[in-house]
Amino acid sequence: MAHKFKDILDALPEYRTAAESARETLLANLVMIGEIPAPSGQEDGRTRFLLDRFAECGLHNSSVDEEGNGMAILPGEVGEDSILLVAHLDTPFTRKDDHTLRVDNMTVRGCGVTDNSLGVAVLATLPTLLEKLNIHLNSDLMLMGASKSLGSADLRGLRFFLENNERPIRAGICIEGIELGRLSIGSIGMMRMEINCHVPEEYDWTRFGASGAILTINEVINKILEIAIPRRPRTRIVFGSVEGGKGFYPVSTNAVLRFEIRSDSAEMVKNIRRQIEDIVEELSSKTESDLTCKVLASRQPGGIAFNHPFSTHTRKILKRLGVEGRTSPSTSELSVFINHNIPAVTVGISTGEHLNQANEKAMIAPMFTGLAQLVGMLLAIDRGYCDATE
Amino acid sequence: MQLNEWLAHNTFHHSAFWDLKQIVREKEKQNLKVSLCIPTLNEEKTIGKEIVIFKSELMNRYPMIDEIAVIDSGSTDRTREIAAEYGADVYLSEHILPEMGARKGKGENLWKAIYQLEGDIIIYIDADIKNIRPRFVYGLLAPLVYRQEIKYVKAFYDRPLAFSQGVRPSGGGRVTEILVRPLFSLFFPDLTALVQPLSGEYAVRREVLENIPFPIGYGVETSHIIDVYHKWGLSALGQTDLDQRVHRNQATRDLGKMAFGILQTFLSRVQKLGIVPQLPELHTVLRQFQVNDKQFEQLEHHILEEERPPMITIPAYRKKRGMDG
């Protein structure tokens, strides 16, 4: 059993070999989880599967909470506190999409394989791997498949859990399928917004300038692009999707624009939001179409410092595994940990391509490095190397 | 055994066998060896997944299967490479019993598996199943483990996408409903209780497999059922509902070829069993038509349902199994 941090680093190749020997278990879990459709709010099939796996591995307190989070506990030797490992269960695909996964000797392919079926498969496989390695943590290990995470679901599952959890949580790790080497230690300020344009049925289409909903949304985009974006604090407006119209010739009566404001500064996010709301109000009155603006989700900036022991030790683990660590901000589960002042990071498990497309692809070989990284991190947290120094 | 009694006692649902540990215990108590055979021809899209799932769940987690073998008809894609990567024993059909020559057809692979594999029970699973799950194996194996009198268990798939309370029809695919069920109704009414007699998934005891002939083509499933029924009676057959099976859909024209092969096998069986008098020599060409530039063209398919003899009659098999003292 590794006690010094150097021992943990030295044991990483052994962890990777053990992970390789669990290849079929990991891939079988990935396929069986990945082929269960799980749009946000409809993750129950995946939750059931995960709980069955936890029960088969002899985990304790296997349960589903009110929001549909599926979780269980691998009890620690001491059990005074817990390490929470979380992977979101939902995917951006609908139930109608073909969720069949394909496995060849180098890749696994199909809807949602990297985001985030692989993360959930890791949760299901980790107890087997720890048993293989005869690793017993002092802290309890809480494994959680989080429901209602993506898009407008706005991390509801993890939020609910952390608001109602009474167990002390020492640290959190958010698992994403890709990219291995990713290390998110903080969240940027973010606001996820949706602008809807509806043209009333009684609209006078003969009126000069009559245009339809798509052109109005286009006008909104042009106006947003005119907003002055500072270089510092770093700020961006990311346009995610536009939907509208019904075919070739009918003038569109509905259109939707979805986007995010991201900034290192919470104040800057608020400032841009106000400007966008003004644009919406102005265009709504000018065009006589019904323009509405909704905030679907928001994040406060924050996180652990770059030189926090959790961050530095994770980077050392990645380096020893031959992986170049890349620190980047996250707007996912990590931000919920930040809101609760729990030190946490987000890491990836493998490399892949075509994220969120039907031909999404995860490479198999790097997955074992990703698992070894996770085992190293768990031991580092458990032995106190990731605790903040006073 | 009456048909209704058989339906009540020999028709199962896979969920009845949820306790996989219990199946493993019972299998070990009986000292049974179980082989899984996957016949393949260009199945690179699905073979990796099948082997990964069976190996992880039914070899490593619950040691129910003792060997996983892919018997390949000469795939030109990466089927054999992928299967071997995940630990299946991969065989080229033509390399097994080479002195018996090589024939093309799924039945040939199934027959050669009897020689090559070691199991007291062999489970055959098609390689083109997109929604493969462990139930496809344990649902077929469990009745053989728990019920000594059952020798041959067929899969069927019967989960409707939507249905209100009451009576609903249940049945097989197009060839089953249009050809096989009417034929069974005419000649073997008991066998109509098999919901999907043509399904490609079944588990069989070796004592049965080595004693029945194997058509090498489309007729293998039909002939098995008739032969098992004739030799061991209805009570030796069982069927398990495995819920849904997602697979490639076949074109009607391909189903025509399948029906032609099955019909050849069926007629040969009823003649051999003396149910119908001597038939004239039957043609082996199926003719289908297509229109090419306003001209009707004839397409000829030569389909000859050759048959392999019971494996127990093959000297190399008898020698391998130590049957001749």
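Given Cβ point charges of +1 (Lys, Arg) and -1 (Asp, Glu) and nothing else, what value in debye, to the nearest 20, does the dipole of segment B:3-320 about its Cα centre take?
Working: 40 positive and 41 negative charges, 90 e Å.
In debye, rounded to 20, segment B:3-320 gives about 440.
Could you please tell me the mean projected area of the C-alpha convex hull for the protein assembly as shown, averaged over all directions and given in square nanometres to one decimal? Write down the numbers at each step before the final one.
Values: hull surface 166.3 nm².
Answer in nm², one decimal: 41.6.
Return the single residue from A:Leu12, A:Leu118, A:Leu291 with maximal mean-square fluctuation; model: Gaussian network over chain A, springs between Cα atoms under 10 Å.
Looking only at A:Leu12, A:Leu118, A:Leu291, the biggest GNM fluctuation is shown by A:Leu291.
Given a 1.4 Å probe and the protein chains all in place, what does the accessible area of B:Lys231 round to, in Å² to the nearest 10?
That residue has around 110 Å² of solvent-accessible surface.
Across 10 Å bins from the origin, how do the percents of Cα pairs in segment A:274-384 run, short distances first?
11, 29, 26, 16, 11, 6, 0
Under 25 °C and 0.890 mPa s, how fast does segment B:177-325 diffuse according to Stokes-Einstein, given a Kirkwood radius computed over C-alpha pairs? Answer in µm²/s, whole number. Don't jump to the answer; show the numbers that get you there.
Details: Rh = 17.5 Å.
Approximately 140 µm²/s, per Stokes-Einstein.
Tell me which of A:Ala121, A:Leu85, A:Met142 sits at the most positive position along the dipole axis of segment A:79-157, charges placed on C-beta atoms (Lys, Arg +1; Asp, Glu -1).
A:Ala121
Between A:Val251 and B:Glu297, what FRET efficiency comes out of the Förster formula 1/(1 + (r/R0)^6) with R0 = 45 Å and r the beta carbon distance, rounded to 0.05?
Working: r = 50 Å, r/R0 = 1.11.
It comes out at approximately 0.35.
Please report how far the C-alpha centroid of segment B:238-253 lies from that of segment B:100-140, rounded to the nearest whole angstrom.
The two parts, judged by their Cα centres, are 16 Å apart.
Can you tell me the FRET efficiency between B:Gln290 and B:Tyr115 if r is taken as the Cβ-Cβ distance and R0 is 41 Å, rounded to the nearest 0.05? Display every interim value, and only then the final one.
Values: r = 41 Å, r/R0 = 0.99.
Efficiency computed from Cβ-Cβ geometry: 0.50.
Would you calculate the volume per residue, in Å³, of the smallest convex hull containing every Cα atom of chain A? If you can, show how the numbers build up before the last one.
Details: hull volume 57.1 nm³, N = 390.
Dividing the Cα hull volume of chain A by its residue count gives 147 Å³.
Roughly how crowded by other chains is peptide B:53-61, in terms of the mean Cβ count from those chains within 10 Å of each of its Cβ atoms? Provide the component values of the computation, followed by the final result.
On the way: counts 7, 2, 5, 12, 5, 1, 1, 6, 7.
Taking all residues of B:53-61 together, the mean is 5.
Find which of A:Gln357, A:Gly112, A:Ile188 sits farthest along the positive direction of the dipole of chain A, computed with +1 on the beta-carbon of Lys and Arg, -1 on that of Asp and Glu, about the Cα centre.
Selected residue: A:Ile188.
So what is the relative contact order for chain A, in percent, with contacts set as C-alpha pairs under 8 Å and at least six apart? It would help to have the intermediate numbers written out before the result.
Details: 866 pairs, mean separation 93.0, N = 390.
Relative contact order of chain A: 24 percent.
When the accessible area of the protein assembly as shown is split by element with a 1.4 Å probe, what percent falls to carbon and sulfur? Don't skip to the end; give the middle numbers.
On the way: 15730 of 31380 Å².
Carbon plus sulfur share of accessible area: 50 percent.
Between A:Asp387 and A:Asn339, how many nm apart are label points set 7 Å from Cα along the C-beta direction?
Between A:Asp387 and A:Asn339, the label points sit 2.8 nm apart.
Which value in Å does the Kirkwood hydrodynamic radius of segment A:94-140 take, with 1/r averaged over all unlike C-alpha pairs and then inverted? Walk me through the numbers on the way to the answer.
Values: mean 1/r = 0.0772 Å⁻¹.
Evaluated over segment A:94-140, this radius sits at 12.9 Å.
I'd like the antiparallel share, as a percent to the nearest 5, of DSSP beta bridges with both residues in the protein assembly as shown. Don't skip to the answer; put the middle values down first.
Numbers: 64 of 107 bridges.
Once the DSSP bridges in the protein assembly as shown are tallied, antiparallel ones form about 60 percent.
For the pairing of chain A with chain B, what total accessible surface becomes buried, with a 1.4 angstrom probe, in square angstrom to the nearest 100?
Details: alone 17640 and 15610 Å², together 31380 Å².
The A and B chains share an interface burying roughly 1900 Å².
Quick one: plug the Kirkwood hydrodynamic radius of chain B (C-alpha pairs) into Stokes-Einstein at 20 °C, 1.002 mPa s, and report D in µm²/s. Numbers along the way, then the final one.
Numbers: Rh = 20.6 Å.
Estimated diffusion coefficient is 104 µm²/s.
Over all distinct Cα pairs, what is the inverse of the mean 1/r for segment A:120-189, reported as the Kirkwood hydrodynamic radius in Å?
On the way: mean 1/r = 0.0691 Å⁻¹.
One decimal place: 14.5 Å for the Kirkwood radius.
Quick one: what are the phi-derived ³J(HN,Hα) couplings along segment A:364-373, Karplus 6.51/-1.76/1.60 with θ = phi - 60°, whole Hz, x for glycine and proline?
7, 4, x, 4, 6, 5, x, 5, 4, 4
Rounded to the nearest 500, what is the 222 nm mean residue ellipticity of chain B from helices alone, with -39500 (n - 2.57) per DSSP H run of 4+ residues and division by all residues? Please report the intermediate quantities before stating the final value.
Details: 11 runs with 108 residues, N = 325.
So the helix-based figure for chain B works out to -9500 deg cm²/dmol.
Would you mind getting me the FRET efficiency between B:His95 and B:Lys231? Use the beta-carbon distance for r and R0 = 25 Å, nearest 0.05.
0.25
How long is segment B:19-164 along each principal axis, judged by its Cα atoms, biggest number first, in Å?
Principal axes ranked by extent give 42, 40, 27 Å for the Cα atoms.
Where in segment B:243-270 does the label zone of B:Lys104 land, with the point 7 angstrom along Cα→C-beta and an amide N cut-off under 20 Å?
B:250-265
Hey, quick one: spin label on A:Asn138, modelled 7 Å out along Cα-Cβ, who in segment A:356-390 has an amide N within reach, i.e. under 15 Å?
A:378-388
Can you compute 3J(HN,Hα) from phi for each residue in segment B:52-61, using the Karplus curve 6.51 cos²θ - 1.76 cosθ + 1.60 with θ = phi - 60°, rounded to whole Hz and x for Gly and Pro?
With the stated coefficients, segment B:52-61 comes to 4, 5, 5, 5, 5, 8, 10, 10, 7, 6 Hz.
Could you work out the Kirkwood radius for segment A:189-299, taking every pair of different alpha carbons, averaging 1/r and inverting it, reported in Å?
Values: mean 1/r = 0.0687 Å⁻¹.
Hydrodynamic radius (Kirkwood, Cα only) of segment A:189-299 equals 14.6 Å.
Where in segment B:77-96 does the amide nitrogen come within less than 18 Å of the point 7 Å from the Cα of B:Glu306, taken along Cα to Cβ?
It comes to B:92-96, nothing else.
Would you calculate a helix-derived [θ] at 222 nm for chain A, using -39,500 (n - 2.57) for each DSSP H run of n ≥ 4 and dividing by the full residue count, to the nearest 500? Don't skip to the end; give the middle numbers.
On the way: 10 runs with 137 residues, N = 390.
Computed mean residue ellipticity for chain A: -11500 deg cm²/dmol.
Volume per residue, Å³, of the convex hull around the alpha-carbon atoms of segment B:123-264?
On the way: hull volume 18.4 nm³, N = 142.
Cα-based convex hull of segment B:123-264, divided per residue, equals 130 Å³.
If you average the C-alpha positions of segment A:270-290 and of segment A:355-390 separately, how far apart do those two centres end up, in angstrom?
Taking the Cα centre of each part, segment A:270-290 and segment A:355-390 sit 43 Å apart.
Please report, in debye to the nearest 20, how large the charge dipole of the protein assembly as shown is about its Cα centre when each Lys and Arg carries +1 at its beta carbon and each Asp and Glu carries -1 there.
780
With +1 on each Lys and Arg Cβ and -1 on each Asp and Glu Cβ, and nothing else charged, work out how big the dipole of segment B:228-313 is about its Cα centre, in Debye to the nearest 20.
Numbers: 10 positive and 10 negative charges, 33 e Å.
It works out to roughly 160 debye.
Using alpha-carbon pairs under 8 Å, 6+ residues apart, how would you state the relative contact order of chain B in percent? Walk me through the intermediate numbers first.
Details: 558 pairs, mean separation 64.9, N = 325.
Taking the mean separation of contacting Cα pairs over the length of chain B, I get 20 percent.
The values are calculated or read from the model by the stated rules, or taken from the named source; none is laboratory data. Computed from a predicted model, the values in this text were never measured in an experiment. FYI the Cβ positions are ideal-geometry reconstructions off the backbone, even for glycines, and counts take in every protein chain you see. Surface areas here come from the heavy atoms of the whole protein model, side chains and all, with no ligands, DNA or RNA. Shrake-Rupley method; radii C 1.70, N 1.55, O 1.52, S 1.80 Å.
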